[in-house]
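Asker: I'd like to ask you about the structure that follows.
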Amino acid sequence: MDAHPQSKTALVTGGNRGIGLAVCRGLLQAGFRVILAARSMDKAQAAMDQLESTQVSPLVLDVDWDNSILDAAARVQWEFKHIDVLVNNAGIYPDQGVNILTVGRDLLHQALNTNTFGPIKMVQGFLPLLEQASGARIINVSSGYGTLAGLSSNVPSYCLAKLTLNGATIMLAEALKPKGIAVYALCPGWVRTDMGGPSAPRSPEQGAYTVIWLATEASASLSGKIFQDRQVVSY
Ligand SMILES: NC(=O)c1ccc[n+]([C@@H]2O[C@H](COP(=O)([O-])OP(=O)(O)OC[C@H]3O[C@@H](n4cnc5c(N)ncnc54)[C@H](OP(=O)(O)O)[C@@H]3O)[C@@H](O)[C@H]2O)c1
């Protein structure tokens, strides 16, 4: 029997580790049914074992590939019929030993494909499911590196990808306003994950803090804004 018959459903990309896994845990604690998306079933299952909840379901999803997104959307359509919250969390930080003067086209494409085109295609692919919910929310996990004040010549592909993700957030918010779907971006701060490294001051749970608030409490009137620590910050 469903323990949360009235509960909302959230999908988290890159839910198998780091901030994504902490977001899954926080959403479960907030009463959501969670669809934990990972690039393989083994990764999803291993993460689910850590969550120890009957309210989490695995989903194989690689945001780099349209076919993977569409297959995943068809599976969620069949099983859940709708989603209330989409958390575009999956991301990469491929800039090692490059700067804006040396970065190659391949690296730029790789970062933009995963960090920017992925979330845009996720919204397109899952839009029919978001439209089935009342007051759906899309949450793009961005970065201070993607704000105008945070751009760094030594982190070229990641900065440009997150800057573009922030721009996409503004445009998606405008396009989805008539459908009553809110779109937010946020910076989680510097977080101790495989990406952030062991010296980062924040725990994954602290990184998830603003995501949980955006999923549960933030006003739809704030759609199109970027947040840090549950406060609006400048693009
Ligand atoms: N950590 C920080 O300090 C920090 C700061 C600002 C913003 N962020 C943002 O926060 C988000 C999560 O970062 P994190 O620190 O938790 O990173 P992480 O520990 O490196 O985890 C990244 C997650 O994204 C997944 N992923 C990567 N490429 C993917 C793809 N093509 N399709 C689906 N999933 C993919 C990974 O899956 P696999 O396990 O299969 O690789 C993993 O689950 C990212 O968007 C990142 O840019 C992080």
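The values are calculated or read from the model by the stated rules, or taken from the named source; none is laboratory data. The model shown is predicted, which means the values in this text are computed figures rather than measured ones. Cβ coordinates were reconstructed from backbone atoms using ideal geometry, including for glycine residues, and neighbour counts include every protein chain displayed.
Asker: Has the range 75-93 got at least one residue that is touching a helix residue (DSSP H, G or I) at 6+ places or on another chain (Cβ under 9 Å), at pLDDT 95 or above, among the β-branched types (Val, Ile, Thr) and over 25 Å from residue 171 (Cβ atoms)? It would help to see each step written out before you state the result.
Answerer: Let us first name the residues in the range 75-93 that are touching a helix residue (DSSP H, G or I) at 6+ places or on another chain (Cβ under 9 Å), namely 76-77, 80-93.
Narrowing the set further to residues that are at pLDDT 95 or above leaves 76-77, 80-93.
Remaining after also requiring among the β-branched types (Val, Ile, Thr): 76, 83, 85, 87, 92.
Of the ones still in play, those that are also over 25 Å from residue 171 (Cβ atoms) are none.
No: zero hits.
Asker: Could you identify the single residue in 91, 135, 125 that is among the small types (Gly, Ala, Ser), part of a loop (DSSP other than H, G, I, E, B) and crowded, with 16+ Cβ neighbours inside 10 Å? Show your work before the answer.
Answerer: Details: 135 fails: crowded, with 16+ Cβ neighbours inside 10 Å; 125 fails: part of a loop (DSSP other than H, G, I, E, B).
Selected residue: 91, the only one of 91, 135, 125 that is among the small types (Gly, Ala, Ser), part of a loop (DSSP other than H, G, I, E, B) and crowded, with 16+ Cβ neighbours inside 10 Å.
Asker: Right, here's the next one. Quickly run through the range 145-180 and pick out the residues that are in contact with an Asp or Glu (Cβ under 6 Å, 6 or more places away or on another chain) and outside any helix (DSSP H, G or I).
Answerer: Answer for the range 145-180, where residues must be in contact with an Asp or Glu (Cβ under 6 Å, 6 or more places away or on another chain) and outside any helix (DSSP H, G or I): just 155.
Asker: Go through 45, 50, 55, 29 for me and flag whichever is over 24 Å from residue 166 (Cα atoms), in contact with a Pro (Cβ under 9 Å, 6 or more places away or on another chain) and more than 10 Å from the ligand (Cβ to nearest atom).
Answerer: Details: 50 fails: in contact with a Pro (Cβ under 9 Å, 6 or more places away or on another chain); 55 fails: in contact with a Pro (Cβ under 9 Å, 6 or more places away or on another chain); 29 fails: in contact with a Pro (Cβ under 9 Å, 6 or more places away or on another chain).
Unique residue meeting the criteria: 45.
Asker: While we're looking at this one, here's another question. Can you pull out every residue in the range 27-46 that is surrounded by fewer than 21 Cβ atoms within 10 Å (Cβ to Cβ) and either assigned to a loop (DSSP other than H, G, I, E, B) or not polar (S, T, N, Q) (or both)? If you could, list the steps in order and put the result at the bottom.
Answerer: The first filter runs over the range 27-46 and keeps only residues surrounded by fewer than 21 Cβ atoms within 10 Å (Cβ to Cβ), leaving 29-31, 39-43, 45-46.
30, 31, 39, 40, 41, 42, 43, 46, listed by residue number.
Asker: Within the bounds of the range 133-145, is there any residue that is within 9 Å of the ligand (Cβ to nearest atom) and closer than 23 Å to residue 51 by Cα? Give the derivation first.
Answerer: In the first step, residues of the range 133-145 are kept if they are within 9 Å of the ligand (Cβ to nearest atom); the result is 140-145.
Pick out the ones that are also closer than 23 Å to residue 51 by Cα and you get 140-141.
Looking for residues that are within 9 Å of the ligand (Cβ to nearest atom) and closer than 23 Å to residue 51 by Cα, one finds at least one in the range 133-145, hence yes.
Asker: Determine which member of the set 218, 182 is away from the ligand (no atom under 12 Å from the Cβ) and out of contact with any Phe, Trp or Tyr (no Cβ under 7 Å at 6 or more places or on another chain). It would help to see each step written out before you state the result.
Answerer: Details: 218 fails: out of contact with any Phe, Trp or Tyr (no Cβ under 7 Å at 6 or more places or on another chain).
Step by step, each of 218, 182 is checked, and only 182 is away from the ligand (no atom under 12 Å from the Cβ) and out of contact with any Phe, Trp or Tyr (no Cβ under 7 Å at 6 or more places or on another chain).
Asker: Looking only at residues in the range 47-69 that are in a helix (DSSP H, G or I) and under 17 Å from the mean Cα position of the chain (by Cα), which one is farthest from residue 205 (Cα to Cα)?
Answerer: 66
Asker: Which residue out of 62, 84 is surrounded by 14 or more Cβ atoms within 10 Å (Cβ to Cβ) and farther than 26 Å from residue 160 by Cβ?
Answerer: On the way: 62 fails: farther than 26 Å from residue 160 by Cβ.
Within the list 62, 84, the selection yields 84.
Asker: In the range 181-217, what residues are in a loop (DSSP other than H, G, I, E, B), closer than 19 Å to residue 166 by Cα and touching a residue at least 60 places away in the same chain (Cβ under 8 Å)? Spell out how you get there, then give the answer.
Answerer: Filtering the range 181-217 down to residues in a loop (DSSP other than H, G, I, E, B) leaves 181, 187-190, 192-201, 203, 217.
Next cut, closer than 19 Å to residue 166 by Cα only: 181, 187-190.
Answer for the range 181-217, where residues must be in a loop (DSSP other than H, G, I, E, B), closer than 19 Å to residue 166 by Cα and touching a residue at least 60 places away in the same chain (Cβ under 8 Å): just 188.
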